Amino acid sequence: MSHFSSVFMKLSAIALIVSLFGCSKEGSTPLSPTSQVSQPKGTIHGLIKNWTTSEPVASAKISLGYNGEIQTATSDNAGQFSFANVPAGQYRDANGGFVFSGTYTLTVSLVSYNSLQSDANKKYRNYYYSTVTVIFTSQKQGDSTAVNGMEGSVLLNISYLNTTVKGQVVDQNMQPVADAVVTLYDETFVPGDAIAQTSTASDGSYSFTKVDNGLTVQVKAVSKDGSLQGTLPAFLTLPANLTIDSLRAGVTAERIMLLPADDSSPYVINITPENNSDVSPSGLQIVYTFSEPIKQTAYTRTDLPVGSNTMLDDIAFNFVGLKKTSGLITFTAQWNLTFTQLTLTPQSIVGSAQYSVSTATAFNSGKITDAAGRALVNNAKITGDFELLQFSTGGGSTVPAAPILTRRIVTGSFSDVDFNGGTIGLEWKYDANARSYNIYKSVNGGSFQLLQKDFYRIQFSENCGSLVIPLNAVDPLSAGSVRYLVRGVSKDLVEGASSNVITITDAVKPRLLNATVAAATGTNNWIYTLSFSEPLTVSTAENLANYAFFNTGTVSFTAIAANYMGFSGGTYIVKLSVSTNAALPAGYTLGVTGVTDLAGNGMDQNANSKQF
């Protein structure tokens, strides 16, 4: 879940603390096998309710995570749920007694609940996440050191997503500001956290829909170029729309007026060439681009020769080898018309060589400032402004062509992989112009990162790693992917064009590993526990149309509910509730179709049924 989605859930741990004969000591201590206190376990009781109506929320799926384990519960009609035998991870000493506590991750799923709501105004967010600390207390009267039968509780408050916040952004002349970035901040549950963001239309208007009912919020806006900013004069409290009246579910905020802003120091936002790059020696220039105009002073002048006490005296351009001994390189410098770019033009640059530029003394002098007098600061994300900038120049060798990358499928060595990942084989044709190859990898849609530098073969293999999100999760949320590409490197160390991209995803079909049946409450009511080999998509796993019974004779089977329970005991579990008009017959079959894993793979046709 995104950061914007998580902040609406208020998780308050209600401590059930009994008096322990005085003040407890500061700090907490992790439990360990050598501790004098036995590993305690307690029960966590919980309540989930609507924050504005105080009505309980039924059928919410709550997962409690701790020490790599997960418990799952569903709230009842009173909004109550509980987790038993939960270990407490810490304790603190208090006059010979102990206070036990534990920190847990909570995941609340309202997907099933929302799917049953015909009124869009009565829906909540699909998922809420948070971390909560629960303090346990002993229920054994008069015994503060008891480690059995302890209890703690949590209260989960959520709100309907039925409020719309509208407004307009204008400038100092009350004219609309288009394309301004407008951010909505929570000031109720997690003050100062951003929960939604949008841009203004041509008339300066903006709108946030599906905002949690009853929140107090703040709205801030920044112009597209960042030169203007503004905020509401006061927090905006959204009405507690108890009647779910759509006419009252919209709130119009005061206009936000943007004013000139300069509350940050200038910094370098780009350097060409980048650090450690390989460039052509012909017409080489080093260009520093700044976040805002640099104030022109006697120190920043570039029209005076070296030795005139300008920043040119504090910049060193060096030749550091390959073809001749190192030494200083002469150069000229020039600002652009807006004073946001500084260009250094060196003389006598040769190919197949290495160079460095040091601007650290000049940039760190405090003499390069913006119009407000704020000194230039280091950009930690760029190497070469306050640090040494290094690069090399290419020679006359031919740059390798883009390789044609293919995936190797070899029985017993390289094959399709499931959500856990596995060994991937890649290969490409040899290019006589390539000295070596650089291999790049991207995980879950991220940028490509250098995986293997100067690889001297044309076949490569590695374990691609987990193919789910979050990585290596026991009960993942969605499918992941890994991408590879290859670039040839010339004899002058110039990197060629990228190959095609090979994308690796879970390509293994889910299998029905086992199915058991147990009698449920009521005559001829049954609970089937289905174990699958892969994590499933909730919508397909809970679709009753995907389960069918065959060879049942005169007995009719009616599926009542399907609940995806996630990971348990090494497999992924679906609980299927079924009723029949008679006792179960012998030799009938349960078939599963339409259920898919997180990557969208359908059921393995050789393992999608169970005969009873």
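Brief remarks on what is shown
- The one condition in (1) of a type in the set (S, T, N, Q); (2) modelled with pLDDT of 85 or more; (3) closer than 21 Å to ASN50 by Cα that SER130 fails to fulfil: (2)
- When the stretch 374-395 is limited to residues that are of a type in the set (Gly, Ala, Ser) and more than 22 Å from LEU312 (Cβ to Cβ), the one that is surrounded by the fewest Cβ atoms within 10 Å (Cβ to Cβ) turns out to be ALA380.
- Qualifying residue in the stretch 97-104 (condition: exposed (fewer than 15 other Cβ atoms within 10 Å of the Cβ) and modelled with pLDDT of 75 or more): yes
- Residue tally, condition free of Cβ contacts under 8 Å to residues at least 12 places away in the same chain and of a type in the set (A, V, I, L, M), over the stretch 217-234: 1
- Filter result (hydroxyl-bearing (Ser, Thr, Tyr) and in a strand (DSSP E or B)) within the stretch 160-179: THR163, THR164
- Long-range neighbours under 6 Å by Cβ, at least six apart or interchain, first residue in a strand (DSSP E or B) within the stretch 180-191, second among the β-branched types (Val, Ile, Thr): VAL181/VAL222; VAL182/THR198; LEU184/ILE195; LEU184/VAL217; LEU184/VAL219; ASP186/VAL7; ASP186/ILE195
- Residues of the stretch 567-579 satisfying the condition of being at pLDDT 95 or above and either in the same structural domain as ASP475 (by TED's automatic domain parsing) or not aromatic (Phe, Trp, Tyr) (or both): THR571, ILE573, VAL574, LYS575, LEU576, SER577, VAL578, SER579
For every residue, the table says whether it meets (1) farther than 18 Å from VAL468 by Cα; (2) buried (at least 18 other Cβ atoms within 10 Å of the Cβ); (3) in contact with a Leu (Cβ under 8 Å, 6 or more places away or on another chain); (4) of a type in the set (Asp, Glu).
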{"position": "ASN546", "(1), (2), (3), (4)": "yes, yes, no, no"}
{"position": "PHE557", "(1), (2), (3), (4)": "yes, yes, no, no"}
{"position": "GLY566", "(1), (2), (3), (4)": "no, yes, no, no"}
{"position": "PRO585", "(1), (2), (3), (4)": "yes, no, no, no"}
{"position": "TYR588", "(1), (2), (3), (4)": "yes, no, no, no"}
{"position": "ASP597", "(1), (2), (3), (4)": "no, yes, yes, yes"}
{"position": "ASN606", "(1), (2), (3), (4)": "yes, no, no, no"}
{"position": "LYS610", "(1), (2), (3), (4)": "yes, yes, yes, no"}
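- Condition check for ASN514 on (1) crowded, with 16+ Cβ neighbours inside 10 Å; (2) modelled with pLDDT of 95 or more: one failure, at (1).
- Residue-level analysis places TYR91 among those that are assigned to a strand (DSSP E or B) and at pLDDT below 85.
- Any hit, the stretch 495-505, residues being buried (at least 21 other Cβ atoms within 10 Å of the Cβ) and at pLDDT below 95: yes
- Any hit, the stretch 406-417, residues being among the small types (Gly, Ala, Ser) and surrounded by 14 or more Cβ atoms within 10 Å (Cβ to Cβ): yes
- Residue in the stretch 267-278 that is surrounded by fewer than 17 Cβ atoms within 10 Å (Cβ to Cβ), of a type in the set (Val, Ile, Thr) and modelled with pLDDT of 90 or more present: yes
- Subset of the stretch 463-493 (residues that are farther than 30 Å from ILE62 by Cα and among the small types (Gly, Ala, Ser)): GLY488, SER490
- Total residues in the stretch 261-287, condition among the hydroxyl-bearing types (Ser, Thr, Tyr) and either over 21 Å from SER227 (Cα atoms) or in contact with a Cys (Cβ under 9 Å, 6 or more places away or on another chain) (or both): 4
- Strands (runs of 3 or more DSSP E) wholly inside the stretch 486-598 containing at least 3 residues that are over 28 Å from SER415 (Cα atoms) and among the charged types (D, E, K, R): none
- Test: residue in the stretch 535-557 that is touching a residue at least 24 places away in the same chain (Cβ under 8 Å), within 30 Å of ILE439 (Cβ to Cβ) and out of contact with any helix residue (DSSP H, G or I) (no Cβ under 9 Å at 6 or more places or on another chain): yes
- Every condition in (1) more than 30 Å from VAL508 (Cβ to Cβ); (2) charged (D, E, K, R); (3) not assigned by TED's automatic domain parsing to the domain that holds THR300 holds for LYS429 except the one numbered (1).
- Selection count, the stretch 507-523, where residues are in contact (Cβ under 8 Å) with a residue 60 or more places away in the chain and out of contact with any Pro (no Cβ under 9 Å at 6 or more places or on another chain): 9
- In the stretch 570-583, the residues that are within 24 Å of ASN525 (Cβ to Cβ), surrounded by fewer than 17 Cβ atoms within 10 Å (Cβ to Cβ) and not polar (S, T, N, Q): LYS575, ALA582, ALA583
- ASN438 meets each of the listed conditions (1) modelled with pLDDT under 95; (2) among the polar types (S, T, N, Q); (3) surrounded by 15 or more Cβ atoms within 10 Å (Cβ to Cβ) apart from (1).
- Hits in the stretch 270-311 - residues which are of a type in the set (A, V, I, L, M) and in contact (Cβ under 8 Å) with a residue 40 or more places away in the chain: ILE271, VAL279, LEU284, ILE286, VAL287, ILE294, MET311
- When residues in the stretch 562-592 are screened for being within 32 Å of the chain's Cα centre (by Cα) and not basic (Lys, Arg), 13 of them pass.
- Looking across the stretch 190-212, the residues that are surrounded by fewer than 22 Cβ atoms within 10 Å (Cβ to Cβ) and either touching a Cys at 6+ places or on another chain (Cβ under 8 Å) or not hydroxyl-bearing (Ser, Thr, Tyr) (or both) come down to VAL190, PRO191, GLY192, ASP193, ALA194, ALA196, GLN197, ALA201, ASP203, PHE208, LYS210.
- Where strands (runs of 3 or more DSSP E) fall wholly inside the stretch 391-466, the ranges with 2 or more residues that are farther than 17 Å from SER498 by Cβ and in contact (Cβ under 8 Å) with a residue 24 or more places away in the chain are 423-427, 459-463.
- Inside the stretch 145-167, residues that are modelled with pLDDT under 80 and either crowded, with 19+ Cβ neighbours inside 10 Å or aliphatic (A, V, I, L, M) (or both) make up a count of 4.
- Flag if VAL219 is at pLDDT 90 or above, aliphatic (A, V, I, L, M) and part of a strand (DSSP E or B): yes
The values are calculated or read from the model by the stated rules, or taken from the named source; none is laboratory data. The structure displayed is predicted, hence computed values, not measured ones. All Cβ positions, even for glycine, are placed from backbone atoms using ideal geometry, and neighbour counts span all protein chains on display.
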